Each structure stands twice: as C-alpha cells, then as structure tokens.
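The values are calculated or read from the model by the stated rules, or taken from the named source; none is laboratory data. Everything numeric in this text was worked out from a predicted model, so none of it was measured. Glycine gets a Cβ as well: all are built from the backbone with ideal geometry, and neighbour counts include every protein chain shown.
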Amino acid sequence: MSTSAGRQAFDSLPEAVRRGILEGDALRIYAARLSVVADGDGYAWAVDTLPRDGRPEEWERVTRRIGRIVLQEAKGIDQPTRQALKAIAAVTAEDQELYRIDAWVSMDDDGGSRWTVTVCVPLTAAAFPAVVKSSYRAKQRVLKVVCSL
C-alpha cells in the first residue's frame with residue numbers, strides 16, 4: 001500500500017479508532033466466535049461477529065471473510081468430535097462456544113500496522129484436540145488475511 005493509500009485508509013477510520021492507534025492502543029477490529037447451537041431438532045455451527053454499528057464497509061467485507069474461514073475450519077472437525085460436541089450441547093441445553101478469534105491492530109515502531117491475532121478456547125472445548133487444531137488453523141488463516149490489508 002502506498003503512503004497516500006495508507007493515509008486514505010487511516011483517514012477513513014472512525015475518530016476514536018484513529019486516536020487509539022496514534023496513542024499506541026491495540027484495538028480489536030475483528031472478532032469471530034464459533035459455537036455449536038441447537039437448530040430445530042439438530043445442531044449447527046454458528047459464527048458470531050462484532051456488530052456492524054457504523055463500521056466501515058471494508059471492515060464488514062473482511063469480517064465476512066473471517067467468518068467464512070472460521071466456518072470452513074469448523075467443517076474440518078472430524079465426525080466423532082462433532083458428535084461429542086453435539087452431545088454436550090444437548091445434555092447442557094446450552095450453546096457450546098468452541099473458540100473465539102480476535103484480531104487486534106496497533107501502530108508499529110515504524111508507523112505501520114502491527115496485527116496480533118489471538119484465539120481463546122474454553123476449557124470444555126480445549127479437551128478436544130480437533131477443536132484446538134481447528135482454532136490454530138483458523139488463527140493462522142486470519143493472520144494472513146489481516147496482515148495483507
């Protein structure tokens with residue numbers, strides 16, 4: 001991205017975001033949470049993201065892309081693990097969060113963007129190696145996406 005294009009992107013951000021970046025804060029720009037939820041008589045994957053609430057269209061485009069990544073990685077979880085997760089959701093009668101991915105941006109020492117992607121796996125989901133692997137793969141893919149911005 002050229003300097004002028006970078007400046008245009010920065011100027012397009014909401015005032016609070018620009019101020020936070022200049023002050024060195026890490027700002028959570030993207031987030032996606034994967035859960036197993038009741039769906040009629042069965043269960044399905046659910047991907048929740050940050051509310052739109054005035055976010056720039058570019059952010060929404062990237063959020064949709066991150067949501068697709070999380071869903072693709074969820075579909076890669078093996079059948080026995082999926083069955084166990086559905087059983088837990090049925091027994092507890094609650095949605096079961098599997099993991100949450102957050103993408104944070106801050107200003108690097110050279111004035112560029114520094115992206116940090118974190119993943120949080122609740123203890124019940126962390127007991128399943130396939131979920132942990134899925135979260136790691138999703139994290140790596142999200143990091144590639146945000147670092148290419």
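Numbers at a glance
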| quantity | calculated |
| --- | --- |
| Test: residue in the range 108-118 that is modelled with pLDDT of 95 or more, on the phi < 0 side of the Ramachandran plot and in a loop (DSSP other than H, G, I, E, B) | no |
| Residue match in the range 52-65 (condition: out of contact with any helix residue (DSSP H, G or I) (no Cβ under 6 Å at 6 or more places or on another chain), at pLDDT 95 or above and more than 18 Å from residue 143 (Cα to Cα)) | no |
| Counted residues, the range 7-57 - those being touching a Leu at 6+ places or on another chain (Cβ under 7 Å), in contact (Cβ under 8 Å) with a residue 24 or more places away in the chain and assigned to a helix (DSSP H, G or I) | 1 |
| Subset of the range 2-13 that is surrounded by fewer than 12 Cβ atoms within 10 Å (Cβ to Cβ) and of a type outside the set (Ser, Thr, Tyr) - its residue that is modelled with the highest pLDDT | 11 |
| Condition check for residue 106: out of contact with any helix residue (DSSP H, G or I) (no Cβ under 6 Å at 6 or more places or on another chain), among the hydroxyl-bearing types (Ser, Thr, Tyr) and within 16 Å of residue 147 (Cα to Cα) | yes |
| Unique match (being of a type outside the set (D, E, K, R), surrounded by 13 or more Cβ atoms within 10 Å (Cβ to Cβ), touching a helix residue (DSSP H, G or I) at 6+ places or on another chain (Cβ under 8 Å) and assigned to a loop (DSSP other than H, G, I, E, B)) among 101, 69, 88, 77 | 77 |
| Sole exception among (1) over 27 Å from residue 127 (Cα atoms); (2) within 12 Å of the chain's Cα centre (by Cα); (3) among the hydrophobic types (A, V, I, L, M, F, W, C) for residue 16, by number | (2) |
